[in-house]
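No lab work stands behind these numbers, since they all come straight from the coordinates. Since we're looking at a predicted model, the values are computed, not measured. Neighbour counts run over all protein chains shown; Cβ positions are idealised from the backbone, glycine included.
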Amino acid sequence: MDSSESKQSAVRAIVELANLWSLPPGRRVGGRTATARKLYELLEQAFRDSDAAIALKRAKAFPDDIEKLILLMRHIEKRIETDSKFADDLLKLVPSEQPVIDFSHTRYYFEGRAMQLCPREQAPKRIPPRKKAANKGKKGWAGPPAVPSPPTARKGLEYPVWFGTNRKPVDTADPSKGFADEREPDNRVSHGQCIVHIPKTHRFGSIGSSLLTRFLTWTDDRLVLRSVKCMAEADFWQGVQNELAAHDSDERQALVYLHGFNVSFEEAAIRAAQIGCDLKNTGPTAFFSWPSRAQPMDYFCDEASIEVSEQAIGDFLTHFVTHTGIQRVHLIAHSMGNRGLLRAMQRISSSVTAGGDPVRFGQIFLAAPDVDATLFHNLAKIYPQFSQRTTLYASPSDHAVAVSELLHGAPRAGFVPPITVVDGIDTVVVPQLDLLSLGHGYYAKAAGILHDMYDLIRNNQPPQKRQRLYPQSSPNGKQYWEYLK
């Protein structure tokens with residue numbers, strides 16, 4: 001069996017096992033439970049008293065962990081190449097159709113050492129079995145179907161991200177060295193573009209694995225900030241317009257990310273690129289980086305910095321609408337960044353009331369807002385006036401916002417209980433989503449939340465028409481939604 005055939009056999013084996021472990025009986029693909037059990041018994045017997053046995057147990061314990069599945073796949077592939085009897089037994093059990101792991105909301109396609117992802121409704125159920133590759137005389141796998149998927153699953157990508165920041169440059173003579181954790185004395189805003197490299201091994205919802213994982217898998221899937229280029233403000237807006245013009249008229253939209261506490265300029269650029277890539281943003285992706293100290297112990301310094309940045313944030317967001325002509329500018333604010341966005345929206349409202357240019361945004365996502373719940377109730381009513389739809393994501397497992405609640409002695413909008421519900425804003429409670437590993441950044445790491453954002457950006461559907469959201473009632477009788485994995 002050649003290496004290509006051994007890899008595809010290993011892939012199909014992993015698919016069978018993943019469907020057995022990940023789905024309840026009524027939703028397993030093809031009803032092949034018995035086959036998958038026999039397959040597991042075969043692997044358990046073959047890998048007894050070896051390192052592969054540990055990989056098998058870990059993959060079974062964590063069926064949604066792509067890295068563990070891929071590691072097990074490599075053990076299977078290696079065994080196929082060295083044990084012909086094992087290879088024959090394996091081929092008798094695994095089917096020959098396209099490898100699909102069905103996790104209800106999405107389907108994942110293996111390709112080499114990475115996985116591609118596309119929305120469930122866009123995923124065909126199978127492709128033709130093996131066929132002869134074009135211009136080649138030997139058999140080979142036909143490959144994954146031509147469906148929309150992150151380009152990074154196949155090759156590395158240099159992802160452009162536009163930015164505005166009121167941080168002080170590291171070197172005023174050479175802004176390409178990036179920006180420091182201090183603010184400009186006059187609160188002046190610098191504009192420009194970053195290039196972030198997204199490797200072919202990029203995993204959906206991730207900006208890179210831990211050192212241990214990279215060592216075990218022998219891959220480097222970290223996103224890397226390649227370059228920072230500052231521009232005159234006029235050149236900046238012209239550049240955004242030029243990128244916008246490269247897209248069809250019905251795809252012209254932008255995504256602007258506003259980071260939270262304890263985030264450096266480089267980290268903000270990388271996270272913006274990851275979100276824009278994973279959401280398949282069809283237009284410019286941008287971020288505004290206010291001068292967070294990027295240190296957990298500097299929380300109160302960050303509180304002062306976000307207050308000073310409110311006007312700069314408001315101007316940047318307003319200009320993104322008025323200077324580019326983009327009809328849909330979607331906003332994602334995280335953690336303490338929500339304080340800046342909330343006050344910025346107040347300034348935008350006052351400006352429009354006073355006769356300024358009209359401003360309208362697309363989707364507004366308020367992720368884990370570190371904002372006083374009472375203040376949020378009083379001020380957040382303004383969001384529906386300036387957006388297609390506003391969604392608040394909160395979690396009972398967000399330890400960072402829980403600590404903020406203790407520090408301030410009052411509930412925060414991004415932590416439950418109590419549940420913050422404001423008229424015109426859809427509150428989505430995100431329960432236990434393995435937040436011990438995802439933590440405060442669950443909004444950008446959990447596949448289900450990213451898919452909810454994806455659906456909203458493309459379809460603007462109410463919660464009752466989106467997947468995995470179930471209606472609940474707060475103690476005061478107001479409706480909110482709970483995300484169920």
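Going by C-beta contacts inside 10 Å, put 301, 230 in order with the fewest on the left. List each step's numbers first, then the result.
Values: 301 14, 230 18.
With the sparsest Cβ surroundings first, the list reads 301, 230.
In terms of packing, defined here as the mean over residues of other Cβ atoms within 10 angstrom, the peptides 53-62, 266-275, 84-93, 163-172 line up highest first as 266-275, 163-172, 53-62, 84-93.
So, R0 is 25 Å and r is the distance between the beta-carbons of residue 280 and residue 62; what FRET efficiency does that work out to, to 0.05?
On the way: r = 27 Å, r/R0 = 1.06.
The pair residue 280/residue 62 has a calculated efficiency of 0.40.
For residue 262, the amide hydrogen comes within under 5 Å of the amide hydrogens of 293, 294, 295, counting only partners 5 or more places away or on other chains and with H modelled in the peptide plane. Our coupling estimate for the range 396-407, obtained by passing each phi through the Karplus curve with A = 6.51, B = -1.76, C = 1.60 and θ = phi - 60°, is x, 10, 8, 5, 5, 6, 4, 5, 4, 4, 5, 5 Hz, Gly and Pro reported as x. Sequentially through the range 202-211, phi angles give Karplus couplings (6.51, -1.76, 1.60; θ = phi - 60°) of 4, 9, 3, x, 10, 9, x, 7, 5, 4 Hz, Gly and Pro residues having no value and appearing as x. Modelled label positions at residue 220 and residue 298, each set 7 Å beyond Cα in the direction of Cβ, lie 2.7 nm from each other. Peptides 192-198, 302-308, 477-483, 258-264 ranked from most to least packed give 258-264, 192-198, 302-308, 477-483, packing being the mean of other C-beta atoms within 10 angstrom over each peptide's residues.
Between amide H atoms placed 1.01 Å from N, distances below 5 Å from residue 371 occur with 413, 414, all of them 5 or more places distant or on a separate chain. Backbone phi angles across the range 229-237, fed through the Karplus curve with coefficients 6.51, -1.76 and 1.60 (θ = phi - 60°), yield HN-Hα couplings of 10, 8, 9, 5, 4, 5, 5, 4, 5 Hz in residue order; Gly and Pro are listed as x. Around the amide H of residue 196, modelled in the peptide plane, lie the amide H atoms of 159, 161, 226, all under 5 Å away and 5 or more residues distant in sequence or on another chain.
Placing a label point 7 Å from the Cα of residue 182 along the Cα-to-Cβ direction, no residue of the range 286-301 has a backbone N closer than 12 Å. Ordering 370-382, 234-246, 413-425 by mean Cβ neighbour count within 10 Å, with the highest value first, yields 413-425, 370-382, 234-246.
If you restrict to DSSP beta bridges whose two residues both lie in the range 293-433, what percentage is antiparallel, to the nearest 5? Before the final figure, lay out the partial values.
Details: 1 of 16 bridges.
Beta bridges within the range 293-433, antiparallel portion: roughly 5 percent.
On the basis of the beta-carbon distance and an R0 of 45 Å, residue 374 and residue 250 show a calculated FRET efficiency of 0.65. When only Cα pairs below 8 angstrom with a gap of at least 6 residues are kept, the range 153-483 shows a relative contact order of 14 percent.
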